[in-house]
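Okay, so here's the structure we're looking at.
Each reported figure results from applying straightforward, stated rules to the coordinates on display, with no laboratory input. Everything quoted here is computed from the prediction, not taken from an experiment. No Cβ is skipped: glycine too gets one built from the backbone with ideal geometry, and neighbour counts run over all protein chains shown.
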DNA sequence: GACACATTTTGGA
DNA sequence: TCCAAAATGTGTC
């Protein structure tokens with residue numbers, strides 16, 4: 001198991017990973033520097049649209065949470081889906097989706113920032129909604145630049 | 001074992 | 001049209 005951290009705006013992204021499997025991703029104010037997979041630095045720089053071939057430990061296994069995480073990871077880069085949409089895809093209920101996102105062990109890999117409320121508002125995010133806003137903005141501007 | 005959650009939907013006033 | 005309550009699965013205390 002290797003650990004590393006890189007910067008994203010005012011925040012540090014701490015990554016616990018093992019070869020191609022990411023076990024945990026956390027947002028922290030401060031973190032010891034260390035190597036992270038190139039996919040992370042590329043994505044956070046707006047130069048990558050995904051984390052392949054990296055995978056998340058949360059995507060494996062079975063059970064409702066794994067279903068939800070897989071459904072969320074299917075959301076295309078730069079797009080968003082509501083909690084209700086995810087709930088339908090995972091054959092569960094929106095309340096459970098919210099809980100799964102709150103307990104998400106690997107944000108970014110499982111793009112929980114692309115999950116928003118049904119009325120178009122952002123919903124919530126831990127530890128700071130600002131991160132969610134920044135990520136969506138990053139993807140949107142990066143996507144637009146890619147098209148043009 | 002009870003309770004807290006990053007929601008959504010429906011029914012009644 | 002707006003407000004209140006129910007549905008529901010998992011992790012923590």
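Here is how the numbers come out for the structure above:
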read-out: Range of Cα positions in segment A:1-126 per principal axis (Å), largest first; value: 39, 30, 23
read-out: Residues of segment A:57-74 with amide N under 19 Å of the 7 Å Cα→Cβ point at residue A:103; value: A:57-73
read-out: Estimated D of segment A:2-55 in µm² per second, where Rh is the Kirkwood radius over Cα pairs and Stokes-Einstein applies at 4 °C, 1.567 mPa s; value: 116 µm²/s
read-out: Computed over chain A: relative contact order in percent, which uses C-alpha pairs under 8 Å that are six or more apart; value: 19 percent
read-out: By average C-beta atoms within 10 angstrom, highest first, the peptides A:23-34, A:101-112, A:62-73; value: A:101-112, A:62-73, A:23-34
read-out: Within chain A, percent of DSSP bridges classed antiparallel, to nearest 5; value: 75 percent
read-out: Descending principal axes extents, segment A:62-147, alpha-carbon based, whole Å; value: 38, 25, 25
read-out: Separation of the residue A:49 and residue A:70 label points, Cα + 7 Å toward Cβ, nm; value: 2.3 nm
read-out: Relative contact order (%) - criterion: Cα under 8 Å, at least six apart; region: segment A:62-147; value: 30 percent
read-out: Cut-off 16 Å (backbone N to label point 7 Å along Cα→Cβ of residue A:20), residues of segment A:35-53; value: A:37-40, A:50-53
read-out: Length released on extending from residue A:91 to residue A:144, taking residue separation times 0.36 nm less the Cα-Cα span; value: 15.8 nm
